[in-house]
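Heads up: the structure comes next, in structure tokens.
The values are calculated or read from the model by the stated rules, or taken from the named source; none is laboratory data. Quick caveat: nothing in here was measured; it's all calculated off a predicted structure. Positions of Cβ are backbone-derived with ideal geometry, glycine not excepted, and every protein chain shown enters the neighbour counts. Quick note on the areas: whole protein, heavy atoms, side chains included, nothing else; ligands and nucleic acids left out. Shrake-Rupley method; radii C 1.70, N 1.55, O 1.52, S 1.80 Å.
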Amino acid sequence: MLIFAPKIKPLRVAFLLPSLAKTAPIIVAANIIKHIKDVCEKVEVFYFKNEIGIDLGVPCHQLDFGTPYSFEEFDVLHTHMYKPDMYVLRHSKQIKCRTVATIHSFIRHDVFNNYSFPKNLLITHSWYNALRKHDVLVCLTETMKQYYATRYPSMSIKVVNNGICPDTYHEALSPEEEKQLLSIK
């Protein structure tokens, strides 16, 4: 007797990033893209700021924050960082696919360390509200999941330990990066 498993349609995934700058969250997204692009039907990146420092190896499109985009040709929209999460909040009624947000840090503490009091309060509050518009939140550690589960008790929160394997990232350092590294030593 033969058992037939249903054929699972490969996913179509859009990533929404603040820019294509060579920063830690973008490198994490690049690593995810590298590992899924060959098993997905379609992977594309959308970004806001015209700052390009990394080649993601997939089609990339610049978006205007004020202009809604439906993402209807995708199954999942995967966001990273504040501005992409705010875009989902602002245009949630026009977005026609499921949304997933990766949270890279403990937002309140991270924002507090980087901005003055009034600005950090505004950013933290608005970011927390924006995350409520997503279907799934992804945290990098179990500790982060426990932390955010108290804030979002009814939401689906998953843990995906993002890391970059040293043998998969071979990009040479720029002369400026090499100088910075040597100054740290």
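Quick rundown of the values:
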{"quantity": "Condition met for Thr102 (buried (at least 18 other Cβ atoms within 10 Å of the Cβ) and either in contact (Cβ under 8 Å) with a residue 60 or more places away in the chain or over 18 Å from the mean Cα position of the chain (by Cα) (or both))", "calculated": "yes"}
{"quantity": "Among (1) open to solvent by 90 Å² or more (accessible area, probe 1.4 Å); (2) more than 26 Å from Glu72 (Cβ to Cβ); (3) not aliphatic (A, V, I, L, M), the one test that Arg132 misses", "calculated": "(2)"}
{"quantity": "Those residues of the stretch 141-153 which are part of a helix (DSSP H, G or I) and not polar (S, T, N, Q), in sequence order", "calculated": "Glu142, Met144, Lys145, Tyr147, Tyr148, Ala149, Arg151"}
{"quantity": "Flag for Arg151 being farther than 23 Å from Val76 by Cα, charged (D, E, K, R) and surrounded by 17 or more Cβ atoms within 10 Å (Cβ to Cβ)", "calculated": "no"}
{"quantity": "Of the criteria (1) out of contact with any helix residue (DSSP H, G or I) (no Cβ under 9 Å at 6 or more places or on another chain); (2) within 28 Å of Ser70 (Cα to Cα); (3) open to solvent by 70 Å² or more (accessible area, probe 1.4 Å), which one Lys158 fails", "calculated": "(1)"}
{"quantity": "The stretch 83-99 - residue that is open to solvent by 50 Å² or more (accessible area, probe 1.4 Å), out of contact with any strand residue (DSSP E or B) (no Cβ under 7 Å at 6 or more places or on another chain) and not hydrophobic (A, V, I, L, M, F, W, C) and, of those, farthest from Leu11 (Cα to Cα)", "calculated": "Arg90"}
{"quantity": "Residue within the stretch 71-80 that is without any contact (Cβ under 8 Å) to a residue 40 or more places away in the chain and either surrounded by fewer than 18 Cβ atoms within 10 Å (Cβ to Cβ) or over 27 Å from Asn129 (Cα atoms) (or both) present", "calculated": "yes"}
